[in-house]
Structure formats: C-alpha cells, structure tokens
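Notes follow the structure.
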Amino acid sequence: MTSVWRTSGWILVGASLILALSLGTRHGFGLFLAPMSAEFGWGREVFAFAIALQNLIWGLSQPFTGALADRFGAGKVVMLGGGLYAAGLAMMGLADSVASLSLSAGLLIGIGLSGTSFSVILGVVGRAVPAEKRSMAMGVASAVGSFGQFAMLPGTLGLIGWLGWSAALLFLALLVALILPLAGLLRDRPTPRLDHEQSLGEALREASTHSGFWLLALGFFVCGFQVVFIGVHLPAYLVDQHLPAQVGTTVLALVGLFNVFGTYLAGWLGGRMSKPRLLTALYLIRGLVIAAFVYLPLSVGSAYAFGVAMGLLWLSTVPLTNGTVATLFGVRNLSMLGGIVFLFHQLGAFLGGWLGGYLYDHTGSYQWVWHLSIALSLLAAVLNWPVRERPVARLQALGSA
C-alpha cells in the first residue's frame, strides 16, 4: 500500500508541474498581442485569430490524444505534446507573417497543448488515486497549474521587456521543453481491457446517449469562451480604458494567483457536495462578477478586484467537470471522454478569442462580447442544474466507479 501511495504521489507531482509549465506559458499569450501587432502592422484580429485557432486545434485533437493516453499510457503522449509545444513556441518567436503565426501559435501549439493539459493529465491523476480522493487530487493538480499561471506571467512580461517578444518566445520554448523529462514521472500504464470493460466504441455510444454528458459539454463551452476572451483581450481592453499597461498584466497575475485557491477549493468541495450544483453556482457568480466589472465605474482598484474574483472562478470548473465525467462513466476512458467535453470548451475558446478581435476591429469596442459573456453565464448555470451525479447503470451493476 505504501508503494502505491508513493507512486501516486510522484504522479501527482509530475502532473502538477507539467500543468504549471503548460498553462503558465499559455496564460501569457495575451501579452504578445500588442508588440507583435505593432511590429507587423496587424489589426487585433490577426493575433486573436491565431490564438483562437490554437484553441480550436487543441479542442479537436484532444479526444484523440486522450484516447491514446487511455490506451497506451500518458507518458508518451505528454512527451510528444511537449515537443510540439516547444517547437511551436520557437517558430512563433520567428514568425513574420500571418501564415507562420497561424502555423506556430495556432497548429503546433494547439496540438502540443492537447497532450500536456487537463484532459490527459487529469486522466492520469484520476487513475492513480482512489475514487474518494479523485476530486481532491484533481483540484491539487489544477491548483499547481494555476500557480504556474501566476508565477510565469510576470516573468513573461519581464522577458518581453528585457529581450523583446521574439527572444522571449524562444526562451519560453526552452522552458516548456522541461515537460519532456517530467513526463517520466507519469507512470501511467493502463491495465489490459478485461472482458467486462468497454471498448472505445462502446464508451462513445454510452456517453453519446447520456444527457448529462452533453449538458456538461455545453456548459463547458461557456467556460472556454469567457476565459480565452478575457485572457487574450483584457490587457488591451484596460489600455483602451486609459489604465496603465501594467494594470492588465497585474490583473492576469491575480487571476492566476487566486485560481490556485479557487481550483483547490472546488476540488475539495467536489468531494463533499454535488459537483453539478457547484458548477451552476460558479457560472451564476461568474456572470455577476463580469456584469459588475463592465457596468460599474472602472478604476485600477475595480480591475484588481475583478482579477481576484475571476481568479477564484477561473478554472474551478475543470476538476468539477472532469470529476463528474469520472463519476458518471468511470476512469477507464476518462481522458478520451474528458477530451470530448473539453472540445466544447475549446469551441467556445475559439469563438471568444476570435470574436473579441473581430468585433473590436469592426466596432472599436469590446462591449458586445462582454454582454454575450454575461448571457452565456446564465445559460451555463441552467445547463448544469439538471445533471445528476449518478454512475451509469453499467457501473452500478459492477458495484464500482
């Protein structure tokens, strides 16, 4: 038993550090919008589209990388993803055209993220710990990933100021390459499929006929829309409102810092309360926070308060959503099924990232996207409310989840 817990502990350490590097680097992409757009004379839509494409590719490839991790273990998938992520950052640092930016920041980094982020990594964690500890362990890994967002954002800004945007991206490529040796800690070797266990096709058919699966996926669409719109466009939005550029960076850093506490708390509460009910509450509160930020007078203090509040709600949805999928369908195909739900998150992310740039270039304002974000929060709250956290009949018959 001691050796099992020791192995689980090292898996949790490796998973957490990989998420910190992967998500921490991604969290700073919005800081490159202004310098890259200014140097090449692009409108905001060009950079916004590349990041939106990144999120779309990430989402489209996630079910496939998740399925590979479920079947062959996550270590190889994470190593491949880390290599593509690092290569994409290096090519982004050398990009000088719309096409090269879309190829690097969009395609390569998008695929790389699918192998180094939540669906694959939390699938490893979900298989490594007992069911009663699963939500908490996912919360811990997500919280450390969130700390990476806080820690790396000021560092990324410092690199841009010191080295320029191009050399900063090359440095980040070297940093992300550390994911490759960390993948060795993920000793995730799924056992051969037993007679009573599902095939991939059977798992897909079971999930596709379950209403809760689709309600979770549609709710997660809203999460993706909001976090990518805010992460990419908030610094520019605050500058447009005549606040110093440093305020936007500080707000995103506060999001990363308080996301540590939010994801940990969500994981802890998810082991004690209904996860779908918690998701409903989170989306309602998120809508209220965005409405207060948009409609009340804006100041440095209100911007910082927004960063704190959004940080508490930022990725709290992730352990709750993945934990619910694990409860409903078990952990055998968790990375793949979680990847499908995450695809909807990324479809929302694509729309949020691209629409922000498109509407800004065509209207000179982000107001319509803020209004849409508030309305979508209410929709996500409604979608998650009817989800019932009960294992499917197959798992109930087996007497385990």
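The values are calculated or read from the model by the stated rules, or taken from the named source; none is laboratory data. The structure presented is a predicted model; accordingly, all values stated were derived computationally and were not measured. Note that each Cβ is placed from the backbone with ideal geometry, even for glycine, and that neighbours are counted across all protein chains shown. SASA here: full protein model, heavy atoms, side chains in, ligands and nucleic acids out. Shrake-Rupley method; radii C 1.70, N 1.55, O 1.52, S 1.80 Å.
Farthest towards the positive end of the charge dipole of the chain, among the residues Gly115, Ser100, Ala38, is the Cα of Gly115, using unit charges on the Cβ of Lys, Arg, Asp and Glu. Close amide H contacts of Ala95 (hydrogens built in the peptide plane, cut-off under 5 Å, sequence separation of 5 or more or a different chain): none are found. Normalised per residue, the accessible area of the chain is 38 Å², obtained with a 1.4 Å probe and no contribution from ligands, DNA or RNA.
Subtract the Cα-Cα distance of Leu288 and Thr209 from 0.36 nm times their separation in residues, and report this length gain in nm to one decimal.
Values: separation 79, 0.36 × 79 = 28.44 nm, distance 3.32 nm.
Going from the current span to full extension adds 25.1 nm.
Considering the stretch 41-121 at the alpha-carbon level, its Rg and Dmax are found to be 13.1, 46 Å. Here r is the Cβ-Cβ distance between Ser274 and Lys133 and R0 is 22 Å; the resulting FRET efficiency, rounded to 0.05, is 0.75. Here the extension length gained between Arg390 and Gln241 equals 48.9 nm, from 0.36 nm per residue of separation less the Cα-Cα distance. Backbone phi angles across the stretch 220-228, fed through the Karplus curve with coefficients 6.51, -1.76 and 1.60 (θ = phi - 60°), yield HN-Hα couplings of 5, 3, 5, 4, x, 4, 6, 5, 6 Hz in residue order; Gly and Pro are listed as x. Note on Ser365/Ala99: beta-carbon distance plugged into 1/(1 + (r/R0)^6) with R0 of 41 Å gives a FRET efficiency of 0.90. Backbone geometry of the stretch 313-325 corresponds, through the Karplus equation with coefficients 6.51, -1.76 and 1.60 at θ = phi - 60°, to 3J(HN,Hα) couplings of 10, 4, 10, 4, 5, 5, x, 6, 5, 5, x, 5, 4 Hz, x marking Gly and Pro. Gyration tensor analysis over the Cα atoms of the chain returns equivalent ellipsoid semi-axes of 33, 24, 18 Å (largest first, whole Å). Computed from the Cα positions only, the extents of the stretch 1-138 along the three principal axes stand at 60, 25, 21 Å, in decreasing order. Considering all different alpha carbon pairs of the stretch 290-395, the Kirkwood hydrodynamic radius works out to 16.3 Å.
Angle of helix 275-295 to the longest C-alpha principal axis of the chain, folded into 0 to 90 degrees and rounded to 10: 10°.
Computing the accessible area with a 1.4 Å probe over protein heavy atoms, can you report the carbon and sulfur percentage for the chain?
Values: 10810 of 15160 Å².
Ligands and nucleic acids excluded, carbon and sulfur reach 71 percent.
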